[in-house]
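One structure is given here, and the rest of the page talks about it.
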Amino acid sequence: HMATPGSVGRWVGPRHLLVHRGFRRLMKRQATMRQHGRLLTLLRYAWASPCSLVGVLLAAPILLLGGRAHLHAGVLEVALPGKRRTRLDLGAITLGHVVLGGSEHTLCQLRAHEQEHVRQYERWGVVFFLAYPASSLIQLLRGRHPYWLNHFEVQARALCEQRRADLTQKPPKPKAPQ
């Protein structure tokens, strides 16, 4: 048996050294994965940044008029001034990592749906500015509703519902021993 540094008075066999080395490799791999995760997040923000810039430019006058802004899950949410829902509260629109909403209540109600649009911007980047209206135009030319049947809206609703179902699904109960 061999003694390892820091193991005063304790003898460790070769198996323990392998476990120790395996643990160190695992920790190194996890650190590398965290670095890759941060890099991917940075790339997603950069890819969507031209769209986010448009969102910030549209948010500026809302904020100057007394609107409220806060960050939620890396997304800037901006609500029109006023505490209650009004006739002007038409919902929300996502532009990159910026969501503009008619009220704070609306932003809260539509958050999961708008987060799906954020993910769409992260995938499509500035091309989303063309793809979204093109999808609406296609639906309109087919005689269908341009908003409700827009591919990106259908996808956002479906993914939002799937996430909601995943969160509410209870884990299966373990079977009793027989």
Given the conditions (1) without any contact (Cβ under 8 Å) to a residue 60 or more places away in the chain; (2) in contact with a Cys (Cβ under 9 Å, 6 or more places away or on another chain), which single one is not true for Y121? (1)
Report, by residue number, each residue of the range 127-173 that is open to solvent by 50 Å² or more (accessible area, probe 1.4 Å), closer than 16 Å to L110 by Cβ and not in a helix (DSSP H, G or I). Y147, W148
How many of the residues in the range 149-168 are out of contact with any helix residue (DSSP H, G or I) (no Cβ under 6 Å at 6 or more places or on another chain) and either closer than 20 Å to G125 by Cα or in contact (Cβ under 8 Å) with a residue 40 or more places away in the chain (or both)? 6
Filter the range 109-126 for residues that are open to solvent by 80 Å² or more (accessible area, probe 1.4 Å) and more than 13 Å from the chain's Cα centre (by Cα); which is farthest from V78 (Cα to Cα)? W124
Can you tell me which residues in the range 37-81 are part of a helix (DSSP H, G or I), of a type outside the set (K, R) and open to solvent by 100 Å² or more (accessible area, probe 1.4 Å)? L42, W47, L53, L57, L64
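So is G91 surrounded by fewer than 19 Cβ atoms within 10 Å (Cβ to Cβ), in contact with a Leu (Cβ under 8 Å, 6 or more places away or on another chain) and modelled with pLDDT under 95 or not?
In short, yes.
The values are calculated or read from the model by the stated rules, or taken from the named source; none is laboratory data. These numbers were taken from a predicted model, which means no experiment stands behind them. Please note: Cβ atoms are built from the backbone with ideal geometry, for glycine as well, and neighbour counts cover all protein chains shown. When the accessible area is computed, the model is the full protein with side chains, heavy atoms only, and any ligands, DNA or RNA have been set aside. Shrake-Rupley method; radii C 1.70, N 1.55, O 1.52, S 1.80 Å.
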